[in-house]
Amino acid sequence: MEAKRILLVDDEEHIRLLFKEELEEEGYLIDLASNGLEALEKLKGQRFDLVVLDIKMPGMDGIQTLGEIKKTDKDQRVILCSAYGEFKQDFSSWASDAYVVKSADTSELKETIKRIVGA
Amino acid sequence: MSFASTLGKVIEISHSNLEIPSRIAAILNIISSDMRFEEVIVYTLDSDKRLSCRYMNRNSQLFDLLNNYRCHIGEGVVGTVAQKRTAQYFTLHNIPPRFGCLFYSKLDEVMARYKSSVFLPLADDSFLYGVLLACSASKEGVNDNDRLLLSILARELGGILCTFDLLLSSKKRIAELATLSDLGRVLTSTLEPHAILESIALITAKALNALFATIKLDLAFVKFDGKRFTSGAIEPALEAEVLRLEGEALRLRQPVSRTDDDMGRKENGPSVALFSVPIMAKDRVLGTITLCRKHEQKEITDNQEDWYLLNRIATYISSGLENALLNIKLRDALRELGDAQRRLIEHEKLRSLGEMTASIAHEIKNPLVVIGGFTKRLAKKARLDDSEGRYLEIISKEVARLESILTEVLNYVEESVLLFEVCDINDLLDEVLYLLGSDTGWENIRIIKTYNERLAPVMCDVQQIKQVFINILMNSFEAMHGKGSITIDIENAVLDQKSFVAVSLKDTGGGVQPSFIDNIFNPFFTTKERGSGLGLAISNKIVTHHGGDIEVKNTPGEGVTFTVYLPRKNMD
């Protein structure tokens, strides 16, 4: 089975690195973007099975980016992954397929991804 | 003695520095010796406009006899002279003079000795001050010369009495003013009310020459209700009488008095009179001021000036008391304001602390995820010996702990939106208990739950309320060190006229130190070694958001009972 492609969007380099390594271990193909605009650029040319989107980012934040993505392709799967749980109350965040609170323990993130895109 | 020499002596004395009573007595002696009158007596007017003997010459025998009776103006010879302001002269051959309306047989006997008697009004152009009486055993009538001299002397005596009156009344007025100024000073002082009242009792007793003065308050709303402030000692025999008089003054709302005769105790104890005046505020009686004086025959209750002063004092006390009460109220209000301000500051501090905590927590979260994440990766990848592997494990665990603390902090700080739904608290608690009971640590906890079938449904955010009960139950679990019983009672309750479902959870964890109980809902307050201090704070916040309340009952040595009040579903 072909490996699933995931676009990982986060403004923090070390977080990107950590998640990339963790998820590659699970057999996913990972591409990276460090902000919302960059992510949207990448999405124009390529198809991803999933976008893992940080929320607090300079410039265009995750929630805005989510809106833009869903406007272009309402079937694009997106997981919001923030250090904070507070955005769960933001109705706009409900457009995402899942909301994961960032943690050193990446098991919840992995399980959520698996549930959404399959192994 | 010549006319001129007598007049000269009298004028000399009249203008001397002698005390006024001595001046009068000296003049009476001169009249007696120079003009050969064995009796020379001066009647003066009392405050009640009756005439009584006040001055006499040396060796006067009539004085004691006449002093037995005070005559009204117009009554007897003395009264008639006073009324008409004309002199009257009698000789033995005239009708014997009557001094009053009564016949004194003794007086008649004595009067029979005198061949002539003179009655002269002591007056100036506008006022009458008294009556001069002179009797002679040797003179057969009074000649024109004597009459002229006597009329001049009477005029002089009238002048002296007038001065005396003025002097006495100004002395009295000065004393009164001094008293009122003393009172004013006390009343405007910052003394405590009881000290003010004690001072007033003292000043009153002194000013009115009383055996004792006592102030009794009749204020149901003040803490010193029924208290008595006394200067001097109340004679035990008078206590009942004082109480009765005070009651009467309160009831009638006007001054009352009582003398020995009224009290029927003339034989036992000293002769006294009691006066009681109500202390009136605008619309109510605050109490009474009562004083006791020696019962002096000639100034009983008729002493207008003293009554006036006593009434004035009562008025002063009333305004002073009102001020004192106002002060107390003001002080209380000020204290409440201070408390409210402190609470507000405390609240603000907490809020800004919360905001700061949130921003710090946010900043820390990402680096923590990175540290923890890579530590895990390191542990997974590197081939490490036992101890190095354990170190990494410790780092991971500590990071996990930090993360959970951050989550709790953020949960507390963030205002959460409630997702209300109708729920049955019985079911909700069952789920919570099932969840907790599935942990093996709870094996030794006995849950005693009383179901209430007629429980009203509740509107709540089920997840959050579950969290509340989990927090409280975990708290009890830890207090009991995993062993004991928890009694849960659920009932419908009414609090401040609002309907609630009340869930009480009682543990056997030995309770909390009483000094801690007030802090139990404060964030970051914990008695546990590893607690974050947020569990109960969050629970309290959640319940408050629901419009409910949490109560804690602490029984040191036994346990703690938490009662959670959740608003019932509005049936409309």
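The values are calculated or read from the model by the stated rules, or taken from the named source; none is laboratory data. These numbers come from a predicted model, not from an experiment. As a convention, Cβ positions derive from the backbone with ideal geometry for all residues, glycine included, and neighbour counts pool all protein chains shown.
Structure above, values below:
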item	result
Which listed residue, of A:Ile15, A:Ile116, is touching a Lys or Arg at 6+ places or on another chain (Cβ under 8 Å) and buried (at least 18 other Cβ atoms within 10 Å of the Cβ)	A:Ile15
Boolean, A:Glu108 is within 25 Å of B:Ala361 (Cα to Cα) and at the interface with chain B (Cβ under 10 Å from one of its Cβ atoms)	no
Segment A:42-58: number of residues that are in a loop (DSSP other than H, G, I, E, B), modelled with pLDDT of 90 or more and within 14 Å of chain B (Cβ to nearest Cβ)	1
Subset of segment B:153-181 [under 45 Å from the mean Cα position of the chain (by Cα) and within 23 Å of B:Leu28 (Cβ to Cβ)]	B:Thr163, B:Phe164, B:Asp165, B:Leu166, B:Leu167, B:Leu168
Filter result for the condition that a residue is in a helix (DSSP H, G or I) and closer than 29 Å to B:Phe229 by Cα, over B:Asp165, B:Asp182	B:Asp182
Scope segment B:205-222; condition β-branched (Val, Ile, Thr) and modelled with pLDDT of 85 or more; matching residues	B:Thr214, B:Ile215
Some residue of segment B:149-157 being in contact with an Asp or Glu (Cβ under 7 Å, 6 or more places away or on another chain) and either in contact (Cβ under 8 Å) with a residue 40 or more places away in the chain or surrounded by fewer than 17 Cβ atoms within 10 Å (Cβ to Cβ) (or both)	no
B:Leu419 out of contact with any Gly (no Cβ under 6 Å at 6 or more places or on another chain), part of a loop (DSSP other than H, G, I, E, B) and either without any contact (Cβ under 8 Å) to a residue 24 or more places away in the chain or within 11 Å of chain A (Cβ to nearest Cβ) (or both)	yes
Residues of segment A:1-33 that turn out to be out of contact with any helix residue (DSSP H, G or I) (no Cβ under 7 Å at 6 or more places or on another chain) and more than 14 Å from chain B (Cβ to nearest Cβ), as a count	7
Selected residue (criterion: farthest from B:Lys498 (Cα to Cα)) from residues of segment B:445-456 that are loosely packed, with under 14 Cβ neighbours inside 10 Å and touching a residue at least 40 places away in the same chain (Cβ under 8 Å)	B:Arg446
Residue within segment B:344-352 that is within 14 Å of chain A (Cβ to nearest Cβ), surrounded by 12 or more Cβ atoms within 10 Å (Cβ to Cβ) and assigned to a helix (DSSP H, G or I) present	no
3 or more residues modelled with pLDDT of 90 or more and small (Gly, Ala, Ser): qualifying helices (runs of 4 or more DSSP H) within segment B:1-111	B:20-35
Answer residue from segment B:451-485, given it is among the aromatic types (Phe, Trp, Tyr) and in a helix (DSSP H, G or I) and is modelled with the lowest pLDDT among those	B:Phe477
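Residue-wise test of (1) modelled with pLDDT under 85; (2) touching a helix residue (DSSP H, G or I) at 6+ places or on another chain (Cβ under 8 Å); (3) of a type outside the set (A, V, I, L, M).
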{"residue": "B:Leu286", "(1), (2), (3)": "yes, yes, no"}
{"residue": "B:Glu296", "(1), (2), (3)": "yes, no, yes"}
{"residue": "B:Tyr308", "(1), (2), (3)": "yes, no, yes"}
{"residue": "B:Arg342", "(1), (2), (3)": "yes, no, yes"}
{"residue": "B:Ser352", "(1), (2), (3)": "yes, no, yes"}
{"residue": "B:Val369", "(1), (2), (3)": "no, yes, no"}
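Residues are listed down the side, and each one gets a yes or a no for (1) under 18 Å from B:Ser539 (Cβ atoms); (2) assigned to a helix (DSSP H, G or I); (3) at pLDDT 85 or above; (4) within 9 Å of chain A (Cβ to nearest Cβ):
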{"residue": "B:Lys376", "(1), (2), (3), (4)": "no, yes, yes, yes"}
{"residue": "B:Gly389", "(1), (2), (3), (4)": "no, yes, no, no"}
{"residue": "B:Leu392", "(1), (2), (3), (4)": "no, yes, yes, no"}
{"residue": "B:Lys397", "(1), (2), (3), (4)": "no, yes, yes, no"}
{"residue": "B:Leu410", "(1), (2), (3), (4)": "yes, yes, no, yes"}
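Every residue, every condition in (1) surrounded by 14 or more Cβ atoms within 10 Å (Cβ to Cβ); (2) not aliphatic (A, V, I, L, M), yes or no:
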| site | (1), (2) |
| --- | --- |
| A:Asn35 | yes, yes |
| A:Lys44 | no, yes |
| A:Ile63 | yes, no |
| A:Leu80 | yes, no |
| A:Glu108 | yes, yes |
